[in-house]
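Take a look at the structure set out below.
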Amino acid sequence: MRTDFNCRPDTASYNAVVRLCIENRDLATAERLMEGMSLAGLRPNMVTFVSAIKGFCKAGRFDDAEGLARSMEANGCSPNVVIYSALLDGACKCGNLEKAMELLGEMEKATEAGPNVVTYTCLIQCLCDADRVDDALRVLGRMRERGCSANRVTIVALTDRLCVDGRISDACEVVERGFIDGGEGYSSLVVSLLRANSVSEAERVVVGMLERDITPDGLSRNSLIVGLCSVGRSVDGLRWYCRFEEEMSLPVGADACQALLEGLCRERRLGEAAALVDAMVARGVRLGGLGVDGVVEFLAREGGEDLVSKLMGIKGERI
């Protein structure tokens, strides 16, 4: 720019090249460029710092990223929520959860860089992954005290960990305290319980939801049916299918239908399988996958030719 066009590069020019260097993981050149800005009479601005700090954190160089953040005030910039969030995420990825908790405390004291739902959720997930679920619960409490609403990702991180640890009452309490909408929270709890193989407990939660006129969402409905089939309770799964589809007009997905059909055949419940196939034909559900081929072979051996004919009619690409 100087030699060919007789003009000086400005901060925006440096920022563009710093960002490109970081995207290409050439952090050494990015550092030299930032040092060269002062020699050119320029100072890095917020755009420069955000790019560099995110790049250093992504590369696992948390100490360098934190050093840059500490130098921002001298360059006329104050760390904002983006900077703090990048640092907190970097500390979590490096396994330095104490530093992450310290950064959260700094953010909570700041007036313009307060943590948001993404910041809190990132730390809660990392604490749960590190088997520090009690610390994660305390962070959730701090989140609520500041008036920051949790989302489904926040609650799932906690309920998944609590259910895996067998702390089902604590998982239920997280949902019952109303951190998120009741239907979304209870549906998340059902899925977490099923992931932890607590099928009967998940079923009890769904029963309780319906008693309180809370509608389970599609994921929890389908997961419940699949979970029941996985523990040899396909007939109960069929009852739930009928309740959802026929009594409540709530759709059940093709994957759950297929799991139910396979389960009924494994349990040699041909009458129930026939009723399910009739319902699937009426709904126009299309099935696919190797599991259906196994069902067809089983029915052919068991003399269910009529059922095979109907099933072949709905075998194809899923909708």
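Listed values, structure above:
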| quantity | calculated |
| --- | --- |
| Positions within segment 244-261 being of a type in the set (Asp, Glu), farther than 20 Å from LEU193 by Cα and open to solvent by 50 Å² or more (accessible area, probe 1.4 Å), in sequence order | GLU246, GLU247 |
| Test set (1) of a type outside the set (Phe, Trp, Tyr); (2) under 20 Å from the mean Cα position of the chain (by Cα); (3) surrounded by 15 or more Cβ atoms within 10 Å (Cβ to Cβ) - MET107 fails condition number | (2) |
| Segment 174-205 - residue that is under 20 Å from the mean Cα position of the chain (by Cα) and among the charged types (D, E, K, R) and, of those, modelled with the lowest pLDDT | ASP181 |
| Residue check for LYS99: open to solvent by less than 60 Å² (accessible area, probe 1.4 Å), among the charged types (D, E, K, R) and more than 20 Å from GLU145 (Cα to Cα) | yes |
| Within segment 93-127, tally of residues that are in a loop (DSSP other than H, G, I, E, B) and either at negative phi or among the acidic types (Asp, Glu) (or both) | 9 |
| Breaking point among (1) open to solvent by 10 Å² or more (accessible area, probe 1.4 Å); (2) at pLDDT below 90, for ARG138 | (2) |
| Condition met for ARG161 (among the basic types (Lys, Arg), under 30 Å from ARG239 (Cβ atoms), open to solvent by 30 Å² or more (accessible area, probe 1.4 Å) and in a helix (DSSP H, G or I)) | no |
| Test: ASN80 is among the polar types (S, T, N, Q), at pLDDT below 90 and within 30 Å of ASP135 (Cα to Cα) | yes |
| Where a residue in segment 216-235 is touching a residue at least 60 places away in the same chain (Cβ under 8 Å) and its partner, wherever it lies, is crowded, with 17+ Cβ neighbours inside 10 Å and among the hydroxyl-bearing types (Ser, Thr, Tyr), with Cβ under 9 Å and at least six apart | none |
| Residue in segment 111-127 that is free of Cβ contacts under 8 Å to residues at least 12 places away in the same chain and either surrounded by fewer than 15 Cβ atoms within 10 Å (Cβ to Cβ) or closer than 22 Å to GLY166 by Cα (or both) present | yes |
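The values are calculated or read from the model by the stated rules, or taken from the named source; none is laboratory data. Keep in mind the model is a prediction, meaning the values are calculated, not measured. Note that each Cβ is placed from the backbone with ideal geometry, even for glycine, and that neighbours are counted across all protein chains shown. Quick note on the areas: whole protein, heavy atoms, side chains included, nothing else; ligands and nucleic acids left out. Shrake-Rupley method; radii C 1.70, N 1.55, O 1.52, S 1.80 Å.
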